[in-house]
Amino acid sequence: MKRKQLFTLLVILIIAMMALAACGAPATEAPPPTEAPAAQPTEAPPPTEAPSQEGIEPAKEIVIYNWSDYVAPEMYDLFEQETGIKVIEDNFSSNEDLLAKLQGGAAGYALIVPSDYTVAIMIEEGMLAKLDHNNIPNLKNLDEEFTKMYYDPGNEYCVTYLWGTTGIGYNKDQLEKPPTSWKQIFEAQESDPWYGRMTLLDDVREVFSAALIYLGYDNNSTDEAQLAEARDLLINAKKGISGFDSDTYEELIGSGENLVAHGWNGDFLQADDEFGNIGYLIPEEGGTIWIDNMCIPATATPEEKLAAEMYINFVLRPDIGAMLADYTYYATPNKAALAEMSEEYTGNPIIFPPDEVRAKLRLIKPLGEFESVYQRMWDEIKAAQ
Ligand code: SPD
């Protein structure tokens with residue numbers, strides 16, 4: 001090696017060593033044996049500190065694919081302050097959109113929030129990574145009930161995020177008598193004040209569930225004739241609605257532009273916080289109940305996966321779980337967080353429906369190949385004039 005090259009190499013080496021000293025040695029590097037051990041922290045490390053995992057450092061930035069209005073605004077900043085990991089959120093409007101996007105090859109998501117039946121589909125299709133429970137010690141805070149879900153017993157792949165119900169929200173100021181039956185929605189009359197001023201969720205399984213429940217059928221029916229009946233009912237119902245909407249329906253009720261909407265309980269409660277004029281009910285024939293989950297796509301890199309597990313652990317902290325529940329008004333599966341919540345939350349029958357209402361709530365189930373029949377009829381509904 002020439003002297004000039006040797007000199008350049010030496011300079012690069014010195015600069016690299018100085019930079020290393022400034023940043024601190026990487027976590028995986030063993031300290032030189034003669035060096036005095038670093039002072040032990042007197043306090044316990046923050047619970048979000050990166051768990052040791054040989055050779056892997058958590059990603060510095062992760063993208064979470066979530067429903068809209070489904071996180072307390074300060075959570076991402078807090079997580080970044082504690083861990084240095086920046087969170088970017090992207091939104092989807094239905095389980096089917098989420099599934100289609102991932103099946104279409106979209107990568108780059110470290111964490112996704114599918115509902116129960118979609119988790120079952122994703123596990124079946126090998127789309128999820130197994131969680132490393134060593135990185136999620138706060139799993140102990142999860143209510144035991146949520147460790148036994150049919151779609152993922154033992155939380156091998158996912159951890160429950162929040163759960164809720166689907167029913168009818170309405171503008172209390174403008175409606176003395178809200179509709180209490182699906183009949184008044186699907187067979188609305190021009191004389192009904194909500195005629196033309198109501199929306200249905202833009203969600204194939206939710207809308208079919210409501211129609212099938214109204215018709216007296218199983219909301220997971222695989223009888224094509226029953227489904228066709230529901231499709232025809234929905235095509236006819238289109239004249240009484242202003243559209244299908246899963247993202248802004250609650251604000252349209254609050255502002256008075258619409259009077260009635262098919263939607264999710266916590267969304268209406270959040271909007272009621274803002275507008276102070278929104279009611280919610282489960283129609284007399286019944287509605288749906290669902291459980292949303294934090295899961296890691298199989299496409300996540302090891303660094304993204306570690307950062308996502310740290311985020312799951314963060315959400316499972318009592319204070320963060322309480323912050324999430326308090327903001328979203330959805331039911332928390334985190335028993336340690338629940339213990340921190342006010343009576344106003346724990347005693348709210350819209351968040352925790354009483355037994356007689358719960359008896360009327362149905363889960364949406366995965367239907368395998370038959371899902372495509374729902375999708376075909378949904379397309380027919382959307383295309384009908
Ligand atoms: N704005 C957040 C809505 C969360 C809805 N969860 C999905 C239920 C799907 N059946």
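The values are calculated or read from the model by the stated rules, or taken from the named source; none is laboratory data. Computed from a predicted structure; not experimentally measured. A quick note on method: Cβ atoms are made from the backbone with ideal geometry, for glycine too, and the neighbour counts reach across all protein chains shown. These accessible areas exclude ligands, DNA and RNA; they are computed on the full protein's heavy atoms, side chains included. Shrake-Rupley method; radii C 1.70, N 1.55, O 1.52, S 1.80 Å.
Numbers below:
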| quantity | calculated |
| --- | --- |
| 10 Å Cβ shell holding at most 15 others, DSSP loop, trypsin sites (Lys or Arg not before Pro): longest site-free stretch of the chain | 149-385 |
| Potential lengthening between Asp273 and Leu367 on full extension [0.36 nm per residue; Cα-Cα distance subtracted] | 30.2 nm |
| Share of alpha-carbon pairs per 10 Å distance bin for the chain, given as whole % | 5, 21, 28, 22, 12, 6, 4, 2, 1, 0 |
| Rounded percent of accessible protein surface that carbon and sulfur make up, the chain, 1.4 Å probe | 53 percent |
| Nearest-0.05 FRET efficiency for Ala72 and Lys382, computed from C-beta distance (R0 51 Å) | 0.90 |
| Cα pair distances exceeding 26 angstrom across segment 50-207, given as percent | 44 percent |
| Within segment 54-120, chymotrypsin sites (Phe, Trp or Tyr not before Pro) in DSSP loop having at most 12 other beta-carbon neighbours inside 10 Å | none |
| Other-chain or far-sequence residues with amide H under 5 Å of Tyr70's (modelled H) | none |
| Under 30 Å between alpha carbons - lysine pairs in segment 237-385 that sit 8 or more apart or on different chains | 12 |
| Net lengthening on full extension, Lys101/Glu145 (0.36 nm per residue, minus Cα-Cα) | 12.8 nm |
| Reference-scaled alpha-carbon Rg (2.2 N^0.38 Å with N residues) for segment 199-263 | 1.18 |
| Potential extension, Lys60-Glu229 segment - 0.36 nm per residue separation minus Cα distance | 55.7 nm |
| Spin-label model distance (nm) - Gln189 vs Glu82, 7 Å beyond Cα toward Cβ | 5.6 nm |
| Net charge dipole size for segment 243-385 [Lys, Arg +1 and Asp, Glu -1 on Cβ; Debye, nearest 20] | 560 debye |
| Point-to-point label distance, Thr301-Gln375, nm (Cα→Cβ direction, 7 Å offset) | 3.1 nm |
| Rounded D (µm²/s) - segment 313-354, Kirkwood Rh over Cα pairs, Stokes-Einstein at 20 °C, 1.002 mPa s | 213 µm²/s |
| Fraction in percent of alpha-carbon pairs per bin - 5 Å, segment 243-385 | 2, 8, 12, 14, 17, 18, 14, 10, 5, 1, 0 |
| Cleavage-rule hits, GluC sites (Glu not before Pro), segment 100-181, DSSP coil, Cβ neighbours within 10 Å at most 10 | Glu176 |
| Acute angle (nearest 10 degrees) that the helix 302-315 long axis makes with the longest principal axis of the chain, alpha-carbon atoms | 60 degrees |
| Shape call, segment 182-325: gyration tensor on alpha carbons, a/c limit 1.5 | oblate |
| Other-chain or far-sequence residues with amide H under 5 Å of Leu128's (modelled H) | Ala298 |
| Surface per residue (accessible, 1.4 Å probe) for segment 54-199, Å² | 44 Å² |
